[in-house]
Amino acid sequence: MCIRDSLLTGCKISHTKKDNEKPKIVFFAYTLHDTFVKSLEKVVQKASADRSEVIIEDAFNNEELQKSQITDLSNQEIKSVIVNVVDVSEGANIVNILKQKNIPVVFINREPEQSVISSWNQAYYVGTHAVQSGHMSVEILLDYFNKNKNADHNRDNMIQYVVLVGELENQDAIYRTQGYK
């Protein structure tokens with residue numbers, strides 16, 4: 001296994017596949033300094049343990065770095081990629097790059113536009129739909145207050161709440177917030 005935390009240096013991947021070699025899968029993380037993404041990395045590693053070699057790429061929250069990491073796949077025998085994209089607006093570019101290389105892509109955690117996923121039959125998204133997550137959160141909140149009338153401490157029959165958005169440039173955070181509204 002080759003874990004690279006910088007600009008594609010220090011690791012060489014063989015270009016000739018031996019019969020006993022496992023297929024290679026690349027997990028492109030927007031950053032491995034995020035606790036949730038680090039847990040995603042562990043899940044990918046565990047799920048692939050006996051079936052494939054997982055290569056981890058950390059983009060350090062830099063979309064240009066991530067794009068160059070994905071573009072660099074041309075010299076490697078990669079079976080598929082998992083992308084936790086830095087910027088969801090780059091989803092179409094990522095799909096186009098991988099489509100040219102005929103490398104299937106699974107986007108996780110950050111959802112590109114549906115048109116990006118449907119643009120190629122080897123592009124997928126696994127995760128929650130952010131607007132729906134916002135709706136579900138509000139439904140849970142309403143259900144709680146309907147069952148617990150004493151939770152309305154100021155007795156005005158209104159729910160006051162605070163939404164912690166998260167990263168302001170994270171499209172999913174924006175969509176979830178729209179779902180709350």
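Per DSSP helix of 4 or more residues, -39500 (n - 2.57); summed, then divided by the residues of the chain. What does that give at 222 nm, rounded to the nearest 500?
-11000 deg cm²/dmol
Between their Cα atoms, which of K46/K101; K24/K99; K79/K99; K67/K101; K79/K101; K38/K79 are more than 19 Å away from each other?
From the list (K46/K101; K24/K99; K79/K99; K67/K101; K79/K101; K38/K79), the Cα-Cα distance tops 19 Å for K46/K101; K38/K79.
Quick one: among N102, N170, N150, which has the greatest mean-square fluctuation in a GNM of the chain with alpha-carbon springs under 10 angstrom?
With Cα springs under 10 Å in the chain, the top fluctuation among N102, N170, N150 is at N150.
Would you mind telling me the share, in percent, of accessible area of the chain contributed by carbon and sulfur at probe 1.4 angstrom?
Carbon with sulfur: 53 percent of the solvent-accessible area.
Given points 7 Å out from each Cα along the Cα-Cβ axis, report the V43 to F60 separation in nanometres with one decimal.
Distance between label points: 2.7 nm.
So how tilted is helix 35-48 from the main axis of the chain? Cα-based, degrees 0 to 90, rounded to 10.
Roughly 50 degrees, rounded to the nearest 10.
What share of Cα pairs, in percent, lie more than 12 angstrom apart in the stretch 137-181?
Of the Cα pairs, 66 percent sit more than 12 Å apart.
Over the chain, average the accessible area per residue using a 1.4 Å probe and give it in Å², no decimals.
Accessible area per residue, the chain: 61 Å².
What residue among K147, K42, K67 has the largest mean-square fluctuation in a Gaussian network model of the chain, using Cα springs under 10 Å?
Greatest mean-square fluctuation among the candidates belongs to K147.
Modelling each spin label as a point 7 Å along the Cα-to-Cβ direction, I'd like the L164/E139 distance in nm, to one decimal.
2.4 nm
Taking a spot 7 Å from the Cα of K101 along the direction of its beta carbon, which residues of the stretch 123-154 have an amide N less than 20 Å from it?
Correct set: 123-126.
Which entry is the computed Cα extents along the principal axes in Å for this structure: [x] 45, 39, 30; [y] 71, 30, 27; [z] 57, 33, 27?
Comparing each candidate, only [y] matches the computed number.
Spin-label point model (7 Å from Cα, Cβ direction): what's the D156 to H129 distance in nm?
Taking the simple label geometry, D156 and H129 are separated by 3.4 nm.
Test of the criteria: in the stretch 17-88, which chymotrypsin sites (Phe, Trp or Tyr not before Pro) are in a DSSP loop and have at most 16 other Cβ atoms within 10 angstrom of their Cβ?
When the chymotrypsin sites (Phe, Trp or Tyr not before Pro) of the stretch 17-88 are filtered for loop state and at most 16 Cβ neighbours within 10 Å, F60 remain.
The values are calculated or read from the model by the stated rules, or taken from the named source; none is laboratory data. The model shown is predicted, which means the values in this text are computed figures rather than measured ones. Reconstructed Cβ throughout: ideal geometry from the backbone, glycine too, with neighbour counts over all protein chains shown. Ligands, DNA and RNA are excluded from the accessible area calculation, which covers all protein heavy atoms including side chains. Shrake-Rupley method; radii C 1.70, N 1.55, O 1.52, S 1.80 Å.
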